[in-house]
1. Would you mind finding the one in B:Gly95, B:Gly148 that is in a loop (DSSP other than H, G, I, E, B), modelled with pLDDT of 95 or more and away from chain A (no Cβ under 14 Å)?
2. Could you list, in sequence order, the residues of the stretch A:329-380 that are over 30 Å from B:Leu327 (Cα atoms), within 14 Å of chain B (Cβ to nearest Cβ) and either among the charged types (D, E, K, R) or not in a loop (DSSP other than H, G, I, E, B) (or both)?
3. Scanning the stretch B:213-231 for residues that are more than 10 Å from chain A (Cβ to nearest Cβ) and under 14 Å from B:Leu260 (Cα atoms), which turns out surrounded by the fewest Cβ atoms within 10 Å (Cβ to Cβ)?
4. Would a scan of the stretch B:51-58 turn up a residue that is at positive phi, surrounded by 24 or more Cβ atoms within 10 Å (Cβ to Cβ) and within 8 Å of chain A (Cβ to nearest Cβ)?
5. Could you grab me the full set of residues in the stretch B:229-255 that are among the aliphatic types (A, V, I, L, M) and either under 21 Å from B:Cys193 (Cα atoms) or part of a helix (DSSP H, G or I) (or both)?
6. With (1) touching a Gly at 6+ places or on another chain (Cβ under 7 Å); (2) surrounded by fewer than 22 Cβ atoms within 10 Å (Cβ to Cβ); (3) at pLDDT 95 or above as the list, and B:Thr423 as the residue in question, which single condition is left unmet?
7. Within the stretch A:177-225, count every residue that is of a type in the set (Phe, Trp, Tyr) and modelled with pLDDT under 95.
8. Could you identify the single residue in B:Ser37, B:Ser87, B:Ser10, B:Ser53 that is closer than 29 Å to A:Ile227 by Cα, more than 31 Å from the chain's Cα centre (by Cα) and polar (S, T, N, Q)?
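The values are calculated or read from the model by the stated rules, or taken from the named source; none is laboratory data. Everything quoted here is computed from the prediction, not taken from an experiment. When we count neighbours, we look across all protein chains shown, and the Cβ atoms used for this are built from the backbone with ideal geometry, even at glycine.
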2 protein chains.
Amino acid sequence: MTHVYEDAESFAEVAVQGFCAVHARLVRPVTGGVVRSTKTDEGKVALVIGGGSGHYPAFAGYVGPGFADAAVAGDVFASPATRLIDSVARKAARGGGIILGFGNYAGDVLNFGFAAERLRAQGHDVRVLAITDDVASAGAHEAQRRRGVAGDITVFKIAGAAAEAGLSLDEVERLARRANDRTVSFGVAFGGCTLPGSKEPLFTVPKGKMGVGLGIHGEPGIDEVDIMPASKLAALLVDRLLTEKPDADGSRAAVILNGLGGTKHEELFVLWTFVAEGLRAGGVEAVEPLVGEYVTSLDMEGCSLTLTWLDAELEPHWVAPCDTAALRVGTIMKTEPAPALPPEDSENVTYPEASAESKANAAFLANRLEKLAEALAEAEAELGRIDAQAGDGDHGQGMTRGSRAAATAGVAAAKAGAGVASTLAAASDAWADRAGGTSGAIWGLGLRSAARRLDDGAAVDAKTAAAAVTEALEQVMRLGGAKPGDKTLVDAFAPFAERLAKEVEAGVDLRTAWSRAAEASKEAAEGTAQLAPKLGRARNHTQRSQGHRDAGAVSFALSARTVLEG
Amino acid sequence: MTHVYEDAESFAEVAVQGFCAVHARLVRPVTGGVVRSTKTDEGKVALVIGGGSGHYPAFAGYVGPGFADAAVAGDVFASPATRLIDSVARKAARGGGIILGFGNYAGDVLNFGFAAERLRAQGHDVRVLAITDDVASAGAHEAQRRRGVAGDITVFKIAGAAAEAGLSLDEVERLARRANDRTVSFGVAFGGCTLPGSKEPLFTVPKGKMGVGLGIHGEPGIDEVDIMPASKLAALLVDRLLTEKPDADGSRAAVILNGLGGTKHEELFVLWTFVAEGLRAGGVEAVEPLVGEYVTSLDMEGCSLTLTWLDAELEPHWVAPCDTAALRVGTIMKTEPAPALPPEDSENVTYPEASAESKANAAFLANRLEKLAEALAEAEAELGRIDAQAGDGDHGQGMTRGSRAAATAGVAAAKAGAGVASTLAAASDAWADRAGGTSGAIWGLGLRSAARRLDDGAAVDAKTAAAAVTEALEQVMRLGGAKPGDKTLVDAFAPFAERLAKEVEAGVDLRTAWSRAAEASKEAAEGTAQLAPKLGRARNHTQRSQGHRDAGAVSFALSARTVLEG
């Protein structure tokens, strides 16, 4: 809903003020709307567009060189008064005549029509252009009764470019009418919008449903159906519009896939993937398609597809340069295409030569990784339970996915003859890539750091193992930013690494040293229940509360034990 | 909420595909994200930005000449995996080193940090740049722990321009860090967003409240307060950021007033009006401010203000040209400023010379308009009641406002010596301007059309009056598009005009003819209850249902009678 306003009555007027302040390079405020702040040649046809507010970028966002000369802004969803249209148009007129462009709604038809009469009485040559693109609002046999929606923009763009090119009023009007006759739109809505000052939406769509052909002010649609996957929605929109594909010059179209405000950019890009397919399949090439918010209705949820069938006369005006707040077409920086990219990295990797000892270590490691994956899969539910007490409960799942991927990659590497360093490196990358989330990144980082201390040419001795573990801890702390006591896996990792280094330093054999270190790690993990939660950057950290063990510490301790056992 | 997707799992990936299809001039898809499709000089520093999806235009919308070289896209609100960052960055690298830029979140810190390690191991010189602008997430004394929000964009823009200018990796990194150190953001949220596939929002804000400092993924804020008027909200944001204004070079700032997705353009423009005032009062000049959606969180309702304190080193990079899907800075068409506008139209009008007879008619007309205004004010509630049965119930109010304005203007014109044509014209304009809505436009149009048949130089005779009424009806039908039987005021107007013309034609005096015509009009207005509703373009028309009188017809008939009486 609309939350930001000073008072509901002044919403549209203050919005225009703010818009002009931001885009002073392009527009100036006048009573009732905006006019270009850039110089315009005498004798040029003036394109004056407008309608109710609440539809930004329509209409003020399209004022500037190559597009409209001025925009008239009524109150939210209300036609501007005749006097305001008259007043704004007079300031935009340069002696070449005036085109008044607006969507075909009763109030706008009256006020723009009446304004045209007034302007003619003042000696201006004025043409009235009501856009009629919404196929849901009337059949093709009475297309002149259709409402205007996002088709406003393709038609106005073509008219604006024709006017900028210096064409006569008759010619600009002829091209604009031709564009309008060849423009169709079809849309759906998932939810209504809320006017400034209102507590309730202007209209609603039942949950899980979508209004097919629902108008941008809530005008009745033609159907109400279940919300459908993007591919089916794309087909619904494309197929309906293709029924009006003209016999001649129907192979190229200006296209707008328009979001109404609450249906966001990435949804529109998803939809575009399927719309583009549908258009190609229908033999239509999309020329410089626009995908985004071009005619909104406040925060209304929904979208529409607009096609303007181009021909040799219309297309140059659609792709001509323009410079407005909402649309900038034309060259800013000279560029040339980049050369073709090399093919994506092959999955077939080769490993450095390895010694027999290192290969033996690699085989052992691969076996241990498999045991680890089994143990973590068994513990998945328990780890999830611990994590859910304070975090989002996906720790067990992440550890299972990561360790399984690591085991698979480690086994493959060892079988391919990799040494222990390369095998651990392959396993670490697989863990990070598949586990996802913070724990996946940390485990991947730790294992890869450890791998850097190993050697494909030599056997792993106790000192090397301890050094690798210490290196892993240091990198996890350095890059992860966690210290002991922060209630992360470091709380179990640090005691493990320290104890292992100490035992090895004292001459204890690796197996015994590891066992004692794992025991220390387990005790520390249990002890995390007593630690204060970390005040951290990520939500899951900040939400961790005292009184629960840290799932990352618990899974680390479990892993340390598992690698030794069996 | 998010409604448009094929399946929730593929949302981010398919969105990137669609984005690249729309913006093929600028970007190409690669595994894990996008790279520029334009040629980049060898030796240039590569700026690779990224993070979770769901934030468009962040991050892919900022890839192109003058800005980023590539963007990595994770799943919605999830850090991209290390492997993907590594893979995308390698494709963007041109031998001049790599800057990895991202917002300071635990997952991104880990994955980008780990990717940097991998890339260094491949021989790249890599710098890691975590953006820390959100003042709500940590105090100024521990600014390095702050989250990254819309400040990402000012810092990346400056870094991207510096890289495009050919600066060395050390220099680009230094400028980027300086920009980050001088960047602060503060935001509020009115409502949470819904992830693809989810039925419920990720988080919520109680109705009527706003979360102050609430993070863009729902991270806890610092306060929850009642929603406030735009001026107070602007002060809240500006005042907090001004507390971190640096001692040196704090007078000019790059500014982003950012909408999170559900808080729309016109709301942001309203807010900007007050933000700009606050910045000016605080001695800060906004340099090329951006007001719009620059870092969203799906359909989250809320906004944030970002300031980057500029100095002589940073400002040229902020205003330098760039060419990306979401931001195009630089000259497209050469323009010069338009000359100053003449002052707005004066309220002091002069009227043409008028004959004594016409002035007498004008005085009579002004008196009749006053009676009409009184009668319509008396009938306001009743007209509203009739209208509310089928429309939006504002007909009585509009008629009262319009007739009152017409009477005032008519009396003023008559007093100023205007003839009857000019007096009626002044009244008609005032009616249209003040009444608002469709009925105001229709009445304004009708009265002005009638005025054109009158003459400031001669008395109004019966034939002239009947011709003026006929002209008014014709224009209302022509421009308004309504025919008898459409359940509009035409249903009462047409019988009136026809009967009047017929009686006058038969030689009946004007007063008697008018009286008979008014009676016919009244009967017709009562009869509209039997008419079928008009299938029209405007919602109020389509909603009119059978069984109720049409308020417009009733008020017309009342007006026709009133002008005669007394």
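1. On the way: B:Gly148 fails: away from chain A (no Cβ under 14 Å).
Answer to the check: B:Gly95.
2. Those that are over 30 Å from B:Leu327 (Cα atoms), within 14 Å of chain B (Cβ to nearest Cβ) and either among the charged types (D, E, K, R) or not in a loop (DSSP other than H, G, I, E, B) (or both): A:Asp345, A:Glu347.
3. Within the stretch B:213-231, the first condition is being more than 10 Å from chain A (Cβ to nearest Cβ), and the residues that meet it are B:213-214, B:216, B:221-226.
Subset that is under 14 Å from B:Leu260 (Cα atoms): B:213-214, B:216.
Working: B:Gly213: 22, B:Leu214: 26, B:Ile216: 30.
Among residues in the stretch B:213-231 that are more than 10 Å from chain A (Cβ to nearest Cβ) and under 14 Å from B:Leu260 (Cα atoms), the one surrounded by the fewest Cβ atoms within 10 Å (Cβ to Cβ) is B:Gly213.
4. Taking the stretch B:51-58 and keeping what is at positive phi, we get B:51, B:54.
Okay, now just the ones that are also surrounded by 24 or more Cβ atoms within 10 Å (Cβ to Cβ), so B:51, B:54.
Right, trim to within 8 Å of chain A (Cβ to nearest Cβ) and you get B:54.
Yes - at least one qualifying residue is present in the stretch B:51-58.
5. Within the stretch B:229-255, B:Ala230, B:Leu233, B:Ala234, B:Ala235, B:Leu236, B:Leu237, B:Val238, B:Leu241, B:Leu242 qualify.
6. B:Thr423 satisfies every listed condition except (2).
7. To start, the set of residues in the stretch A:177-225 that are of a type in the set (Phe, Trp, Tyr) comprises A:186, A:190, A:203.
Restricting the remaining residues to those that are modelled with pLDDT under 95 gives A:203.
Total satisfying the criteria: 1.
8. Working: B:Ser37 fails: closer than 29 Å to A:Ile227 by Cα; B:Ser87 fails: closer than 29 Å to A:Ile227 by Cα; B:Ser53 fails: more than 31 Å from the chain's Cα centre (by Cα).
The unique qualifying residue is B:Ser10.
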